[in-house]
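Here is the structure we will look at, set down as structure tokens.
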Amino acid sequence: MSPWRQRKWLILLSAGLLAFATLVPMSPGQEELPFPWFNCPYRQLTGKPCPLCGSTRAYIHTAHLHLEDALELNPVGLIAYFATWGFLSYHVVKYIRERREAG
């Protein structure tokens, strides 16, 4: 697979993740995900929270600009959200440059 095709998939994946986080309904102060069918497998097996516990909720709160809630849940989610934007931006620029060079 050519590099620009791989990059296209990375762009789509990143954009999809950001869009999903934005579209999930999350109110300020909400602690639970709005998915009753989704439970953390680690917590189900051990009964204990893992080190990344709360990062999915924090990622979604960050997408809704509930930054205080995101920091309270897990700062990793907040960092991951902005890292996804950086990753997406970098790969979009590289994709455009590669397509121009390919003619």
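The values are calculated or read from the model by the stated rules, or taken from the named source; none is laboratory data. Everything quoted here is computed from the prediction, not taken from an experiment. No Cβ is skipped: glycine too gets one built from the backbone with ideal geometry, and neighbour counts run over all protein chains shown.
Side notes on the structure shown:
- Residue count, the range 29-43 (criterion: aromatic (Phe, Trp, Tyr), over 19 Å from the mean Cα position of the chain (by Cα) and outside any helix (DSSP H, G or I)): 1
- Inter-residue pairs, beta-carbon under 7 Å, first without any contact (Cβ under 8 Å) to a residue 24 or more places away in the chain and within 14 Å of ASN74 (Cβ to Cβ) and in the range 31-58, second of a type in the set (Gly, Ala, Ser) and assigned to a helix (DSSP H, G or I), 6+ apart: GLY54/GLY77; THR56/GLY77; ALA58/ALA70; ALA58/GLY77
- Counted residues, the range 6-60 - those being small (Gly, Ala, Ser), within 29 Å of VAL92 (Cβ to Cβ) and in contact with a helix residue (DSSP H, G or I) (Cβ under 7 Å, 6 or more places away or on another chain): 5
- Any hit, the range 45-66, residues being of a type in the set (S, T, N, Q), within 18 Å of ARG7 (Cβ to Cβ) and modelled with pLDDT of 95 or more: no
- Just one of the listed residues (THR62, THR84) is part of a helix (DSSP H, G or I), free of Cβ contacts under 8 Å to residues at least 60 places away in the same chain, β-branched (Val, Ile, Thr) and at negative phi, and it is THR62.
- Screening VAL92 with (1) farther than 30 Å from PRO3 by Cβ; (2) more than 12 Å from the chain's Cα centre (by Cα) gives one miss only, at (1).
- Scanning the range 25-73 for residues being surrounded by fewer than 17 Cβ atoms within 10 Å (Cβ to Cβ) and among the aliphatic types (A, V, I, L, M) gives a total of 6.
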